[in-house]
Every structure is written in C-alpha cells, then in structure tokens.
Amino acid sequence: MILSQKKIEEIAVAVTKDFNEFFFGSETKDIRRMARGTPIDQFAKEYLGLEVSFAHLSPDGSICGLTAYADTEYITEEMGVKRTIPLRKNQILMDTSFIQPGQVQKLCGKRRFTLAHECAHQILFQMESETAQSAYAKKYSARTVYSLRDLKTREDWNEWQANVLGAAILMPQKEIDLAMWYFAGGKKLINYEGVFAYRDKLSLSLLCRQFAVSKSAAVIRLRHLGYIEDRPYREYSDPLEVWA
C-alpha cells in the first residue's frame, strides 16, 4: 500500500482527533490551552492496545525499535553469539538504551519518535488488504532511517510512510500551528543550511521542548508543514549576534 503525504496527513488527523477525545475529553476543545505533543506512551498502550517492552536489540545500537503483527521471533547476533527474542502480536520492543540511567532524558525525543514510528506501522498494517496482511503477518518492522534515494522496495516505502505518519501523530498539524503562533508569531523559521538566527533558534528550541522531540524531527515536520524556509548560508544575518 503506497500512500501520498496528503493521505497520510489525513489519517493522522483522524486518528489523533479520535485519541484526543478518548484521552483528554472536553479539554481538547479548549482554544486557550497550550500546544501539546501527543502522549505517545498512552497512545500506544491505552488507545492502540499495544504492549511496549524493552530489550537489547543490536550490538551497535542501529535498531531502535521493533513491532510485530503476529507471534514471531527476532534474532540478533553479538560477538558470534545468536540470541532469539520472542516477539508477540501487537507488541513493540524498544531498545534498552532508552531506559538506561542517565539516558532517559537525553534520549526522550528519540524514544518518543521511535515509539510513534512503530505505532504508525501498526495503524498502516490494519489498513492493508487481507492478502497483504497475510503476507506480512510473520514479519516485524524495525525503526530505520531512509532517504528518498533509498526507497526502492515496498519495505522501504513502508518505513518512509511509518516515519511520516509517526511524525504527524507525534506533532499534529493543529498543535504545530498553535505552537508556531505562540513561539514564532506564525512566521516561518529561516534555515541557513542548518544554522538559525537567535530568535528562530529560540523558537525552535521552545517547540522541541514543548513537543519533547529532537531538533531534526521538528525541522523535518516544520518543513513539511511549510514553516521552514531554506536559504543559502551566504545570506545568513543575525541582527542580535554580537561580535567580539
């Protein structure tokens, strides 16, 4: 199943609207409230009914999370020793690095995005035809990163779609619109090849904190929603920058 970004956005809007009514009740209609990111742990467990647990998934940390559509096994190898981890239907396995002492706050944004990504896989799977579901039932989906140049197979597209849907669930457009009005006056942030002027950098930092996401995840989402304007670095100018 190949979906357009517009269709993925529509799915995210419908799902988050339903979740917000389920989780927040009448509070979600309060126009005076602050913008908020989706509480993805509750979304996964209480709304989607998924079991979330932790395991050491790879020796190099390349696998952040897994999810399964049927009972299966995940096999990992470290120093020549293979290890089999049972993976049950409707289960998400997250890497133990996310809960190690001293790492919880540091990796919060990465953990939230990984969990949103795996939730997106489960939602997209339910939208597949019965034939496709049968074909994918014994497979698991791992959290990996793809560029558009890498999208050659159906599996690659599934990963890209899960990334896009996961971001749209974690940072709904309605909430981003509210946050950008509050933090940036509704104006676009200017990206000079990865560098932001002070005011835009502050707005981006506040938004990342409010949604508990990484800078890279926020920038990708903001760009998709039209809140990032890219300019060459030679045009960089910060009136608030003081040179010694």
Name the long-range amide H neighbours of residue 35: under 5 Å, sequence gap of 5 or more, or other chain; modelled H, no Pro or chain starts.
none
Give the peptides 38-49, 93-104, 166-177 in descending order of average Cβ contacts within 10 Å, highest first.
166-177, 38-49, 93-104
Please give the calculated 222 nm ellipticity per residue for the chain, where each DSSP H segment of at least 4 residues contributes -39500 (n - 2.57) and the sum is spread over every residue; nearest 500 deg cm²/dmol?
-13000 deg cm²/dmol
Roughly speaking, what % of Cα-Cα pairs in the range 151-226 are separated by over 15 Å, rounded to a whole number?
56 percent
Relative packing of 80-91, 109-120, which averages over residues the other C-beta atoms within 10 Å, highest first
109-120, 80-91
Of all accessible surface on the chain at a 1.4 Å probe, what whole percent is carbon and sulfur?
54 percent
Total lysine pairs under 22 Å (Cα atoms) in the range 1-122, excluding pairs fewer than 8 apart on one chain:
6
The range 50-110: Rg/Rh from Cα coordinates, Kirkwood Rh?
0.99
The range 3-91, Cα convex hull volume normalised per residue, Å³:
142 Å³
To the nearest whole percent, what portion of all C-alpha pairs in the chain is separated by more than 28 angstrom?
37 percent
Regression test value, accessible area per residue of the chain, probe 1.4 Å, units Å², expected 56 Å²
Sparse-neighbourhood loop sites, chymotrypsin sites (Phe, Trp or Tyr not before Pro) in the range 198-237 - DSSP loop, at most 13 other Cβ within 10 angstrom
none
Taking Cα pairs closer than 8 Å and at least 6 residues apart, the relative contact order of the chain in percent is 22 percent
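The values are calculated or read from the model by the stated rules, or taken from the named source; none is laboratory data. All figures in this text were calculated on a predicted structure; none of them were measured in a lab. Counting neighbours? That spans all protein chains shown, and the Cβs are built from the backbone with ideal geometry, glycine included. Each accessible area value is taken on the protein alone, full model and side chains, heavy atoms only, with ligands, DNA and RNA left out. Shrake-Rupley method; radii C 1.70, N 1.55, O 1.52, S 1.80 Å.
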